[in-house]
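Working notes for the structure below.
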Amino acid sequence: MASKALEDLIVIEFAEMVSGPMCGKMFADMGAEVIKIEPPGAGDEMRAHPPFPGDIPHPEKSGAFLYLNTSKKSITLDPATPSGAEVFRKLVAHADVLIENHSPGYLDSIGLGFNALKAINPRLILTSITPFGQTGPYRDWKGTDLVEFAMSLTGYNTPTMVDDPERENPLRAPGHQAEMMGATAAAASSMFAVFHREATGVGQWIDAPCWQAIATTSKIEMAAYTYVRLPFSRLRGNVAVGLEPMACKDGYVYTLWAAEPHWVALKKLLHNPPAMESEVFDKLAGRQANDDVLRPMIRDELKKYELDYLVTEGQRLGLTIGPVFTVAQAAEHPHLRARNAFVAIDHPIAGRLEYPRSLVQMTATPPTSTRAPMLGEHNAEILGRLGYSLEEQEGMRAAGLI
Amino acid sequence: MSRLPLEGIRVADFSWIINGPAIAQWLATMGAEVIKIESQVYVDIGRINPSGMADHIAGPNRNGYYHALNYGKKAITLNLACERGRALADDIIRKSDLVIECFPMPAAKKLGITYDRVCAVKPDIVMVSVSLLGKTGLEPASWVGWGPMACCFVGMFDAQGYPGGPPRQTGGTWPDYAIANAVTFHVLAALRHRARTGEGQWIDASMGETVIGQMPEWYMDYAMNHRNRGARGNRDDKMAPHNTYPCAGDDKWIAIAVGSDRAWDALCGTMGNPAWTREAKFADQYSRWHNSDELDAHLARWTRSYEHIALAKKLQSVGVAAGPVLDSVEIHDDPHLWEWGFFRKINHREVGERILPNMPVRMSNVPQLNYSMPPDLGQHNREVFGGLLGLSDTEIASLMEQKVIY
């Protein structure tokens, strides 16, 4: 039986949708006890988001919710009410980490800001995930994944290699990648704070904004601006050595022809078409300068071959080349199956489904997921632990507090 | 300087280019002693990539790509292609808590940086291997490739395009940075487990699997409905308008996301409540979502006459989620990022004044991270080989002569 690296940590998650819950999931799958606080009534808003089996909405069947909340406990609580705040304070008193993704200033406005919580528990690590951060001119801006991603420079450059900037408007990445980057940066920082606390005995407040986290994915593109003094361009001319999905006979492949060995291998893979043998293309500079001629030539050649041949033989020849799969193809791929990249999890209402297993694989303390909780499933357990009698719990339920 | 979280942790970092260095950068800025093991035999591509070379003047210490990803670290040069070089690497591993590598499998075997061998040298080591698709499994485990190819494999680029169009590519050298965050969290858990139990372990990190774990909507849809969700452009599951719209000027855009009637009313008010906004097909959230192509066309005609940054401010002032699509000039001028502390000016010995992005978090009790200058090639040879390994100046000189320290 593999052990759990973080089983001694208690994490309170007062968060909805993607960023806070993803951060909480990372702790929960590593063994921390993660107590998720959901609004009484409908619960985490993500419960209403697709996908659903057969596209029929159900609060216990949202695929995104089920994935983002594995291994957690759920209680329903409104900390904005006086008795809800009392329960919240009791929870925080014994917690190691509190993850929240409310607007800056919200916790303060209900009397539960960092200073108030620090007075209850000086060892508390408060991890606040927001669109733009706790200070600065955009602190109170409304953020969504689209907005954060669009502003990040990675957003300017997605999709890459644009031919017609009028028609090809900037896209966000599939899903919620700005929120995901904010979540994983917040999780890493929370662990740094755990190390810091082990040395110093005190907790701290972490300001983890999603925009800054996603902007980090354009670090080197940013460097080009002050080092080369060239604005980074999203237009195709900037690259001109491949590096994009290209159609073959039965799908798409991804490759490049920058370095000499790549070029030689690519020509060999395509059985040395005479037109590609022109000495104009021998050097990288020539290939880039004549991209308008060369690229269509390579595209035509690639279309003559099947994906399996191009990838297997290309890799054998030392060419950096790979397949462009759909999610459906990837989900069934024998390599991912051989690595157990997916794990089947039973859920009393949603049933047995295959979930992505973990962000990384570990030998001694692997991340391990158990099913997501149903709304308020652990109310009695947690409130009981905090010392509320069954009568008191019934009273809270009747008042709509839990 | 206040105490940094990882003081006392030493990292032997054999990685290069982006993903491994980005992991090591988290650890270095948070106080770990990161020894980056480089070599003139295989120079980190970050040091030589022409697109980052300061003022186009070649030199290993002049590259913005390297500088952006390697501040806070120590750098040594060690030739792992020779036996003596590998023996010295083992000596560094023996004194380290963590090893990071991102070699393709054949190279890792040749250089002796596999978990089996590293573990034999230092049984309680925590080792991170970052790769395209994992280092176990079938044939793809030995493929050569980098970040975008992992996205290709797991369907991210198929899901990146315009609806009905071909697969497109996400910008920003995706997913090297995604795996860096994910690995950093799990490495810290592994180091904590080791501190408590004495047990080390291997973290086998596949960029492909990290991306899968960040696309639950697609993978859970497949699991539930055996459906390939495919490319959706900027379309959201609930919000509309939800897209990027053209603004005044050349290739200028604004992102607008409306998720409530209140935000819709605010947007309409800002537009001066034109007649089309009162049509029944835009009356409620679902109707707007259902008719979003038509809605987008109306909105684009309005946004086109406005400057993108000014319009975003105007919409935000009435509570509408909006943001300008910033290019590299605009993002460097952004007042919020400077005030928050995302950028910092450096004055580097060889390249002078430049701007680098900092780490994307702030911690109240760690006000100053380790932002020491990106190291020159081999800058810390004497400190590491002399100080850490105890070699004499004569031995170091001789090893340099023999191109072992090289």
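The values are calculated or read from the model by the stated rules, or taken from the named source; none is laboratory data. This is a predicted model, so every value here is computed, not measured. We place every Cβ from the backbone using ideal geometry, glycine too, and count neighbours over all the protein chains shown.
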Within segment B:356-372, identify whether any single residue is of a type in the set (G, A, S) and free of Cβ contacts under 8 Å to residues at least 12 places away in the same chain, and answer yes or no.
yes
Qualifying residue in segment B:363-385 (condition: buried (at least 20 other Cβ atoms within 10 Å of the Cβ) and assigned to a strand (DSSP E or B)):
yes
Scan segment B:390-403 for residues that are hydrophobic (A, V, I, L, M, F, W, C) and loosely packed, with under 15 Cβ neighbours inside 10 Å and report the count.
1
Quick one: how many residues across segment B:32-71 are within 14 Å of chain A (Cβ to nearest Cβ) and within 18 Å of B:V99 (Cβ to Cβ)?
4
Which one is farthest from B:V258 (Cα to Cα), of the residues in segment B:297-321 that are in contact (Cβ under 8 Å) with a residue 12 or more places away in the chain and in contact with a Phe, Trp or Tyr (Cβ under 7 Å, 6 or more places away or on another chain)?
B:H308
Which residues, taken from segment A:24-60, are within 9 Å of chain B (Cβ to nearest Cβ), in contact with a helix residue (DSSP H, G or I) (Cβ under 6 Å, 6 or more places away or on another chain), over 28 Å from B:L188 (Cα atoms) and not in a helix (DSSP H, G or I)?
A:H49, A:P51
Just for segment B:121-140: of the residues that are of a type in the set (A, V, I, L, M) and closer than 23 Å to B:A24 by Cβ, which one is surrounded by the most Cβ atoms within 10 Å (Cβ to Cβ)?
B:V128
Looking only at segment A:162-177, and only at residues there that are within 14 Å of B:Y162 (Cβ to Cβ) and more than 7 Å from chain B (Cβ to nearest Cβ), the one that is surrounded by the most Cβ atoms within 10 Å (Cβ to Cβ)
A:V162
Scan segment B:24-67 residue by residue and report those that are without any contact (Cβ under 8 Å) to a residue 60 or more places away in the chain, surrounded by 21 or more Cβ atoms within 10 Å (Cβ to Cβ) and farther than 18 Å from B:V128 by Cα.
B:D44, B:G46, B:G52, B:M53, B:N63, B:Y65
Checking the structure you have, find out if any residue of segment B:219-227 is within 17 Å of A:F342 (Cα to Cα), touching a Ser or Thr at 6+ places or on another chain (Cβ under 9 Å), facing chain A (nearest Cβ under 7 Å) and of a type in the set (D, E, K, R).
no
Given the condition surrounded by fewer than 13 Cβ atoms within 10 Å (Cβ to Cβ), modelled with pLDDT of 95 or more and among the hydrophobic types (A, V, I, L, M, F, W, C), answer yes or no: does some residue in segment A:343-350 qualify?
yes
Condition check for B:G272: farther than 30 Å from A:M191 by Cα and either β-branched (V, I, T) or more than 9 Å from chain A (Cβ to nearest Cβ) (or both)
yes
Residue count for segment A:310-357, restricted to those that are outside any helix (DSSP H, G or I) and on the phi < 0 side of the Ramachandran plot:
28
Filter segment A:182-201 for residues that are part of a helix (DSSP H, G or I), more than 23 Å from the chain's Cα centre (by Cα) and of a type outside the set (F, W, Y); the one that is nearest to the other protein chains (Cβ to nearest Cβ) is A:H196
Those residues of segment B:190-205 which are surrounded by 24 or more Cβ atoms within 10 Å (Cβ to Cβ) and either more than 7 Å from chain A (Cβ to nearest Cβ) or under 14 Å from A:G175 (Cα atoms) (or both) amount to none
Return yes when B:Y115 is aromatic (F, W, Y), within 27 Å of B:R344 (Cβ to Cβ) and either surrounded by 21 or more Cβ atoms within 10 Å (Cβ to Cβ) or without any contact (Cβ under 8 Å) to a residue 40 or more places away in the chain (or both) and no when it is not.
no
Tally the residues that are free of Cβ contacts under 8 Å to residues at least 60 places away in the same chain and of a type in the set (A, V, I, L, M), restricting the search to segment B:322-342.
4
Check every one of the helices (runs of 4 or more DSSP H) wholly within segment B:217-330 and list those with 1 or more residues that are within 30 Å of A:Y225 (Cα to Cα) and touching a strand residue (DSSP E or B) at 6+ places or on another chain (Cβ under 7 Å).
B:292-303, B:308-317
Can you confirm whether segment A:127-145 contains a residue that is farther than 30 Å from B:R168 by Cβ and either in a strand (DSSP E or B) or aromatic (F, W, Y) (or both)?
yes
Please find, within segment A:237-276, the residue that is modelled with the highest pLDDT out of those that are of a type in the set (D, E) and over 30 Å from the mean Cα position of the chain (by Cα).
A:D250
Conditions (1) at pLDDT 95 or above; (2) touching a helix residue (DSSP H, G or I) at 6+ places or on another chain (Cβ under 9 Å); (3) buried (at least 24 other Cβ atoms within 10 Å of the Cβ) -> A:H196 fails only (2)
So which residues in segment A:309-327 are of a type in the set (S, T, Y) and at the interface with chain B (Cβ under 8 Å from one of its Cβ atoms)?
A:T312, A:T320, A:T326
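Residue-by-condition table, conditions (1) outside the structural domain of A:L153 (by TED's automatic domain parsing); (2) within 28 Å of B:M215 (Cα to Cα); (3) buried (at least 16 other Cβ atoms within 10 Å of the Cβ):
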| site | (1), (2), (3) |
| --- | --- |
| A:V253 | yes, yes, yes |
| A:L256 | yes, yes, yes |
| A:H271 | yes, no, no |
| A:P274 | yes, no, no |
| A:R287 | yes, no, yes |
| A:V293 | yes, no, no |
Residue list for segment B:184-216, filter: in contact with a Lys or Arg (Cβ under 7 Å, 6 or more places away or on another chain) and outside any strand (DSSP E or B):
B:G200
